[in-house]
1. Report the net charge of residues surrounding Val173, where surrounding means a beta-carbon distance below 13 angstrom and charges are Lys +1, Arg +1, Asp -1, Glu -1.
2. Under the definition of Cα pairs under 8 Å and six or more residues apart, what whole-number percent is the relative contact order of the chain?
3. As I understand it, the value is the acute angle between the Cα axis of helix 186-195 and the longest principal axis of the Cα atoms of the chain; what does it come to in degrees, rounded to 10?
4. Could you state the angle between the C-alpha long axis of helix 127-139 and the longest principal axis of the C-alpha atoms of the chain, as a value from 0 to 90 degrees rounded to the nearest 10?
5. Solvent-accessible area per residue for the chain at a 1.4 Å probe radius, Å²?
6. What aspartates and glutamates sit close enough to Lys35 to cross-link, taking a C-alpha to C-alpha distance under 15 Å and skipping anything fewer than 8 places away on the same chain?
7. Return one number: the angle in degrees, 0 to 90 and rounded to the nearest 10, between the long axis of the Cα atoms of helix 161-170 and the longest principal axis of the Cα atoms of the chain.
8. Scale the Cα Rg of the chain by the rule-of-thumb value 2.2 N^0.38 Å and send over the ratio, two decimals.
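The values are calculated or read from the model by the stated rules, or taken from the named source; none is laboratory data. The model shown is predicted, which means the values in this text are computed figures rather than measured ones. Every residue, glycine among them, receives a Cβ derived from its backbone with ideal geometry; neighbour counts consider all protein chains shown. Calculation scope for accessible area: heavy atoms of the full protein, side chains included, ligands and nucleic acids excluded. Shrake-Rupley method; radii C 1.70, N 1.55, O 1.52, S 1.80 Å.
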Amino acid sequence: HGIYDPEDYNFNLNMWTSTKAEDVRASIKRLKKIKLSNTSQEILENVLLSFSYPPDGMKENEFVELKINWLVENNRSELIENFLKQNEEFKGKGKLVQHLVDQNISRADIKEGCEKIRFIDSTIKDSYLEKFKIYCLVFNNKKSQAQLLHDILKEQNQSDKFFDNAVDVLLGVSENKNKKIKDDNLLNFYLSSITFPNFKYEPTDKTKKSIWEYMNSANLIKI
């Protein structure tokens, strides 16, 4: 009720410490196979995401990773954003940001996806997200800034020929020289779809779900 209670605070910190790590791992593994009700899932997430010490026998990094994997696997975007707002530095931050980014690319909502780059800071060393940040600068017509960041990325050996060529096309420097559509990840596939002339792609049963979703959202599936 807005009143600070030291006993409640200490309980939250220590609520997991009396639980064995192997019991937590086994419980989470079992819960992944169960269809939880909305109420049960809400209770679980409140307990799982509470600020507390890790279970007995589990290191902090593993405890954080457990939370991250639950949020991503259950596609809990709102909770992910709250988690990112409340925790500035933690291992695995890039995975959560990429999930938000890919989710919006798959919906063909690039504007919303580009808004998620606010979570990308100096603590995240991830070429995928840096590439998306560069693309967003182009998308928002900040081409000089995009070129500068792209040059830095190349100097750090974090870029590749496919991305370099895609950026050159988007900046109007050259025509597309890439010969093959890349579908190893969603960002490369999206860049292929907007830089290849007369883009055509036939998905298969091995095509990633996120690519199917993007093609459907962008009306790229031909019957």
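1. Cβ neighbours under 13 Å give a net charge of -2.
2. 15 percent
3. 20 degrees
4. In the chain, helix 127-139 runs at an angle near 60 degrees to the longest axis.
5. I get 63 Å² per residue for this part.
6. Candidates past the 8-residue exclusion: Glu45, Glu73.
7. 70 degrees
8. In units of the globular-protein estimate, the chain measures up at 1.22.
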